[in-house]
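Okay, structure first, notes after.
Rule-based calculations on the coordinates, nothing more; no lab input. Nothing here was measured: the structure is a model prediction, and the numbers come from that model. Virtual Cβ from ideal backbone geometry, glycine too; neighbours counted across all protein chains shown.
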Amino acid sequence: MPVEAELTAVVRDPGRVRAALAERAEPERSVYADTYYDRPDHSMDRDGYELRVRTITTDGQRQTVVTYKEPPVDAASRSKPEHETAVDAPAVMATIFTALGLVELISLEKHCENYGFTANGREMLATIVTIPELAGQTFIELETIAEQDDLAEALGALRVVLDGIGVTEGDAVEQSYTDMVAAARDS
């Protein structure tokens, strides 16, 4: 089963990281409007599952996808099997999920710069992320698709790229964006 091998980190020098990524690819800027759903007892979130409706706006064009993520197969990186499909009507998905007894866990907006390139023999996507509610913080997500038996090698390939653009293992993010945004809203 394919796994989204992903590493997420804080970017301490956004200008330097953007310049390094721009040497590999032109950025595509998008805004992601994400709504996460869960059972009323939040057991999906607690057990590592995610159900998300994401509307991506790029150059005035909109696309919506529904994503279901299983629990992490690698606890350190939080890499998860992911299932995703396009949908035409996010409001219909909200109606379906609510009718099934799910509740909105959280909604948030991510401002993204996506850089797609090949490195270490793998197709990769680097995304520079800012979230308005986490002002002053910039993150990078670097991902590639791998099989479970290839996950360690895939994560190693991602680590090489991050090291090469000045993002170290010490910059790794332990919390999810949803948890960080929820904490910011509670403070």
**Request:** Rank by packing, highest mean first: peptides 10-18, 30-38, with packing defined as the count of other Cβ atoms within 10 Å averaged across residues.
**Result:** 30-38, 10-18
**Asked** Counting other Cβ atoms within 10 Å of each Cβ, which GluC sites (Glu not before Pro) in region 1-85 have at most 15 and sit in a DSSP loop?
**Response** GLU23
**Request:** Taking every pair of alpha-carbon atoms in region 1-111, give the share separated by more than 22 Å as a whole percent.
**Result:** 44
**Prompt:** At q = 0.09, 0.12 Å⁻¹, what log₁₀ I(q)/I(0) does a Debye calculation on the Cα points of the chain give, no solvent, two decimals?
**Reply:** -0.33, -0.60
**Item:** Rh (Kirkwood; distinct C-alpha pairs) - region 87-187, Å
**Value:** 16.2
**Complete:** Answer in debye to the nearest 20: the dipole magnitude of the chain about its Cα centre, from +1 Lys/Arg and -1 Asp/Glu charges placed on Cβ, is 440
**Complete:** Rounded to the angstrom and largest first, Cα extents along the principal axes for region 43-83 equal 37, 21, 14
**Prompt:** Any idea how far apart THR57 and LEU125 come out in nm if each label point goes 7 Å out from Cα toward Cβ?
**Reply:** 2.0
**Message:** I need the P(r) histogram for region 99-152: all alpha carbon pairs, bin width 5 Å from 0 out to the longest distance, whole percents.
**Reply:** 4, 15, 17, 16, 13, 14, 15, 5, 1, 0
**Request:** Once you have a ≥ b ≥ c as the square roots of the Cα gyration tensor eigenvalues for region 1-55, tell me rounded if a/c is under 1.5, and otherwise prolate or oblate according to whether a/b is larger than b/c.
**Result:** prolate
**Prompt:** Does a label point 7 Å from the Cα of ALA89, set along Cα-to-beta-carbon, have any residues of region 45-59 with amide nitrogen under 18 Å, and which are they?
**Reply:** 53-55
**Fill in**
Checking rank on 56-66, 120-130, 138-148, 161-171, with mean other Cβ inside 10 Å and highest first, the result is 138-148, 120-130, 161-171, 56-66
**Prompt:** For the chain, what is the calculated [θ] at 222 nm in deg cm²/dmol (nearest 500), taking -39500 (n - 2.57) for each run of four or more DSSP H residues and dividing by its residue count?
**Reply:** -7000 deg cm²/dmol
